[in-house]
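Some notes on the structure that comes next.
The values are calculated or read from the model by the stated rules, or taken from the named source; none is laboratory data. It should be emphasised that the depicted structure is a prediction, and the values quoted were computed from it without experimental measurement. Don't worry about glycine lacking a Cβ; one is built from the backbone with ideal geometry, like all the others, and counts go over all protein chains shown. Note: accessible area is taken over every heavy atom of the protein model, side chains too, but ligands, DNA and RNA are not part of it. Shrake-Rupley method; radii C 1.70, N 1.55, O 1.52, S 1.80 Å.
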Amino acid sequence: MNVTLQTERERTQPAGFDIPFVREMAEITQHMWKNGWDERNGGNVSYLLKEEEVAPYMDIHQVIRTITPAFSVQELAGQYFIVTASGKYFKNVLADPEGNLGVLRVSADGQELEVLWGLKGGANPTSELPTHFMSHIERLKIDPNHRVVMHNHATHVLAMTFIHELHEARFTKTLWQMCTECVVVFPDGVGIIPWMMPGSNEIGRATAEKMQEYHAVIWPQHGIFGTGTTIDEAFGLIETIEKAAQVYMLVAGHDIRQRITDEQLRALALQFGVTPRPGVIEGEPN
Ligand code: 2HA
Ligand code: ZN
């Protein structure tokens, strides 16, 4: 009886659902889509995997095909990633992980990507791969446990970039002031780059440079990049920033009768043992 049920369940699961990191990617992209952050083919995720996590589920000696990216990444040679595919819709990942996700290994010389699973039907890795890889490189220098880079078009973050000045410290302070727990969740604040062409190596370099100091980077009139040691952490960071931006968009233009004070921000940091980025609470000259 149990055997029959098991078989039935397996039959109704999309291919790949037995692989924990595939399932995690399929579920998180569905959450992002349901939040309205990933219209059409918007958004991309890359997740650094350990060889011992990958090997039980696929033949790591069987390269399905190789892809030559427009940039070389010696720093990531031999590393394994699961990534979302270019031009594919987050809406569809859950039903067809193999067509919308791919597991790749960076070749030993850092010049090629070796596809080990997925990217069915000739799909390619995300168009934002330069930003993802360059950001992984920078975050890993700071935190050896870093694993995840996540991009989406979080609605209120995007809206806020139209009406708030794009000054990192002042933008960060506004976000911290919107929800009590913000300063605790992202004490390093948010980095902001100028508007740039998506998909380019240039936006990759500019974003990665900010990643030397920030876990999250905002692309004006486009969206946000969040990073973390787990899918949950990167998602939770974006969720928290988005919530703050939503509150900002709700209160902007209204009479503010009370707010979180600078003293309260400092007290929160002390209570939760975090160090707020210097120059944010007190403001900085310029
Ligand atoms: O199309 O979000 O930034 C995917 C994107 C590009
Ligand atoms: Zn985007």
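This table checks each residue for (1) among the small types (Gly, Ala, Ser); (2) in contact with a Cys (Cβ under 6 Å, 6 or more places away or on another chain); (3) closer than 19 Å to Thr230 by Cβ.
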site	(1), (2), (3)
Ala15	yes, no, no
Pro20	no, no, yes
Met32	no, no, yes
Asp38	no, no, no
Asn44	no, no, yes
Glu53	no, no, yes
His61	no, no, no
Phe71	no, no, no
Ala77	yes, no, no
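Restricting to region 48-70, give me the number of residues that are open to solvent by 20 Å² or more (accessible area, probe 1.4 Å), of a type outside the set (D, E, K, R) and not in a loop (DSSP other than H, G, I, E, B).
Number of matching residues: 2.
Against the definition (within 16 Å of ligand 2 (Cβ to nearest atom), touching a residue at least 40 places away in the same chain (Cβ under 8 Å), part of a helix (DSSP H, G or I) and in contact with a strand residue (DSSP E or B) (Cβ under 8 Å, 6 or more places away or on another chain)), how does Met32 come out, yes or no?
Answer is yes for this residue.
Quick check on region 71-107: of everything there that is in a helix (DSSP H, G or I) and touching a Pro at 6+ places or on another chain (Cβ under 9 Å), which residue is most open to solvent (accessible area, probe 1.4 Å)?
Among them, the one singled out is Glu98.
For Gly110, which of the numbered conditions (1) within 16 Å of ligand 2 (Cβ to nearest atom); (2) not in a helix (DSSP H, G or I) fails to hold?
All conditions pass for Gly110, except number (1).
Looking at Glu27, is it more than 20 Å from the chain's Cα centre (by Cα) and either more than 16 Å from ligand 1 (Cβ to nearest atom) or buried (at least 22 other Cβ atoms within 10 Å of the Cβ) (or both)?
So Glu27 does not fit the description; no.
Might you let me know whether region 124-134 holds any residue that is more than 25 Å from Arg205 (Cα to Cα), in a loop (DSSP other than H, G, I, E, B) and either in contact with a Cys (Cβ under 6 Å, 6 or more places away or on another chain) or modelled with pLDDT of 95 or more (or both)?
Looking through region 124-134, none of the residues is more than 25 Å from Arg205 (Cα to Cα), in a loop (DSSP other than H, G, I, E, B) and either in contact with a Cys (Cβ under 6 Å, 6 or more places away or on another chain) or modelled with pLDDT of 95 or more (or both).
Output the residues belonging to region 202-218 that are within 14 Å of ligand 1 (Cβ to nearest atom), touching a residue at least 24 places away in the same chain (Cβ under 8 Å) and part of a helix (DSSP H, G or I).
Ile203, Gly204, Thr207
Can you tell me which of Thr155, Thr172 is open to solvent by 30 Å² or more (accessible area, probe 1.4 Å) and under 22 Å from Trp219 (Cβ atoms)?
Just one listed residue meets the conditions, Thr155.
Filter region 253-279 for residues that are of a type in the set (A, V, I, L, M, F, W, C) and open to solvent by less than 90 Å² (accessible area, probe 1.4 Å); which is farthest from the chain's Cα centre (by Cα)?
Ile256
List the residue pairs whose Cβ atoms are under 7 Å apart, where the first residue sits in region 264-286 and is among the charged types (D, E, K, R), the second is assigned to a helix (DSSP H, G or I), and the two are 6 or more positions apart or on different chains.
Within 7 Å, the pairs are Arg277/Thr172; Glu284/Ala169.
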